[in-house]
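K.L.:
Here it is: the structure, laid out below.
Derivation of every value follows stated rules applied to the coordinates shown; laboratory data play no part. Worth saying up front: this structure is predicted, and the values here are computed from it rather than measured. Positions of Cβ are backbone-derived with ideal geometry, glycine not excepted, and every protein chain shown enters the neighbour counts.
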Amino acid sequence: MAESLAEYKILVVDDERSIREGVERVLSRMGCEVTTAQNGKEGLDILKREAVSIAILDLKMPGMDGMELHQRIREIDERIVVIIITGYATIETAINAMKQGAYDFIPKPFEPDHLKIVVNRAIEKIRLSREAEKLQAERERTLIDLDREKSRTRTIIESLPIGVVVTNTAGEVVLKNPAFMQSLELSSDPEAGALIDACVADEGFCSFVREISTGSRGIEGEVPTYELCVSENKYLLSRGRPVMNEKNECMGAVVTLSNITSLKMLDQLKSEFVAKVSHELRSPLSTIHEQLATVLKDMALEGAEVDHDLITRAKEKTNALISLISDLLDLSRIESGSLTENKKPVQVTELLSSIVDFLDSRATANGQSLFFQGGAEDIPEITADPMALESIFGNLVTNAINYTPEGGEITVSVETVDHQIKVTVSDTGFGIDEKHRAKIFERFYRVKDENTRHITGTGLGLPIVKGLVDSMGGKIELDSQPGKGSVFTVFLPLESGAGRGEAG
């Protein structure tokens, strides 16, 4: 597989060095030949010198942005498959780029597996295009080859992962592939010659197909598109082109269907994320502003005594804000892979001991007892990112302290089990009711009841822990009883935390 991929030269244009190097590293391991450029001008210079099959472009770059570079590439060679790299804030722009001819997009931050899937799809598209061109050349040879080509074309269309339907000028279906049926969740196969209205209930889509079939849309300019909702959680983007004969007469239409549900979900997540962050930041900032304004007013009055509680509360709100921002940064680093890439041998016993020593004063101030049980056996080293491990176990111990009342106990233990390091953080705290356990690893989710309503937090600690554990190839388990406490158990593979992330 690696040798055959070498013929597909890939150009990566991104102003972020880490992205360029990460993409190059992943694709080189696949066996692809990769060239990189840090801006649009440098990318164009490469395209003028070298033959490129796939171009991966960052949408937001200084100078010539990805959209402009995409148009310039289409002017140079329309056969180059363009993939857009974009952030949450530019999802709509990425969709517009796809409507203008871009093949696909990759939202930042992305994992290596996602990059591989998109690039493999692009390579498959090029292969199919080349095969189609080959079949077209064979078509012009003999009548025997013509019959053979029809069979091959039908086989290719039926094998395509995207839905394809071909109609005549009357809007009757003359050809469709299985992916078309699956995309629209059709339970029965319509008869040959059936109108498109008999296949699809969406009137807007049917009107879209009929307009293209008659040649009233899509003959010139950009490819017409139409979005349709198949079900509550499934969205499709259709693209259509009229089929023209040698006399430039419209013979019908060919329409494709692509699943854009993930785009819609990302857009929804973006909105929810922005709303949540805005709420979390606005509240503490408003409190700080009002309280500090009061302090400043008092200080302006000569001889006035400053309210110590006001300053203390302002400090607490500031600390909560800093904690939220730190958690958000950690999540960003997890998604980009940068929080688990600095791997080195780590003695887990020593790391846990230092974390317990550091947090012991906090537990003592709360009237709690914090214990570490790590001397029963010789725990081998693990190859992992020390900062990631500190974040995992620091969050778990801090949570245990926060959710354990005065007089309670927190115990941290470590042992080896089945070629894994097993770390347990147990407490005698409030515990977690069963209805909350399936959600506590969701971002911003916090248990709110009489025991916990006065405890401040971002709801990001446990999602960070799970994200890091997953990326290291481990797992986390929870055992909890309301009123008796909770036990979080982390398993990490001894052979080094080989996780999913290969590159940033």
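K.L.:
Rounded to the nearest 0.05, what FRET efficiency do Ala438 and Arg49 have when you use their Cβ-Cβ distance and R0 = 60 Å? Before the final figure, lay out the partial values.
P.N.:
On the way: r = 55 Å, r/R0 = 0.92.
Efficiency at R0 = 60 Å is approximately 0.60.
K.L.:
How far apart, in nm, are the 7 Å Cα→Cβ label points at Ser353 and Cys229?
P.N.:
Between Ser353 and Cys229, the simple spin-label model gives 6.0 nm.
K.L.:
Let me ask something else. Amide H to amide H under 5 Å from Ile219: which residues, 5+ apart in sequence or cross-chain, H placed 1.01 Å off N in plane?
P.N.:
Here nothing satisfies the definition.
K.L.:
Go through the stretch 49-125 and name the trypsin sites (Lys or Arg not before Pro) that are in a DSSP coil and have 10 or fewer other Cβ atoms within 10 Å of their Cβ.
P.N.:
Qualifying residues, ordered by number: none.
K.L.:
Within the stretch 186-223, name every residue whose backbone N is under 19 Å away from a label modeled 7 Å from Cα of Glu75 along the Cβ vector.
P.N.:
Output list for this probe position: 221-223.
K.L.:
Restricting to DSSP loop positions (anything but H, G, I, E, B) with no more than 10 other Cβ atoms inside 10 Å of their own Cβ, which GluC sites (Glu not before Pro) remain in the stretch 359-437? Mind dumping the intermediate values first?
P.N.:
Numbers: sites: Glu377, Glu381, Glu390, Glu406, Glu409, Glu415, Glu434; in loops: Glu377, Glu381, Glu406.
Counting only loop positions with at most 10 other Cβ atoms within 10 Å, the GluC sites (Glu not before Pro) in the stretch 359-437 are Glu377, Glu406.
K.L.:
Work out how much length Ile117 to Thr155 would gain on full extension: take 0.36 nm times their residue separation and subtract the Cα-Cα distance, in nm to one decimal. Can you show the working numbers first?
P.N.:
Values: separation 38, 0.36 × 38 = 13.68 nm, distance 2.28 nm.
Stretched out fully, the Ile117 to Thr155 stretch lengthens by 11.4 nm.
K.L.:
Based only on Cα atoms, what Rg/Rh ratio does the stretch 160-259 have, Rh being taken as Kirkwood's radius?
P.N.:
0.95
K.L.:
Using r as the Cβ-Cβ distance of Glu92 and Asp378, and R0 as 60 Å, what FRET efficiency do you calculate, to the nearest 0.05?
P.N.:
Details: r = 56 Å, r/R0 = 0.94.
Between Glu92 and Asp378 the formula returns 0.60.
K.L.:
Length gain on complete extension for the stretch Thr416 to Glu124, per 0.36 nm per residue less the alpha carbon to alpha carbon distance?
P.N.:
Values: separation 292, 0.36 × 292 = 105.12 nm, distance 4.49 nm.
Between Thr416 and Glu124, full extension yields 100.6 nm more.
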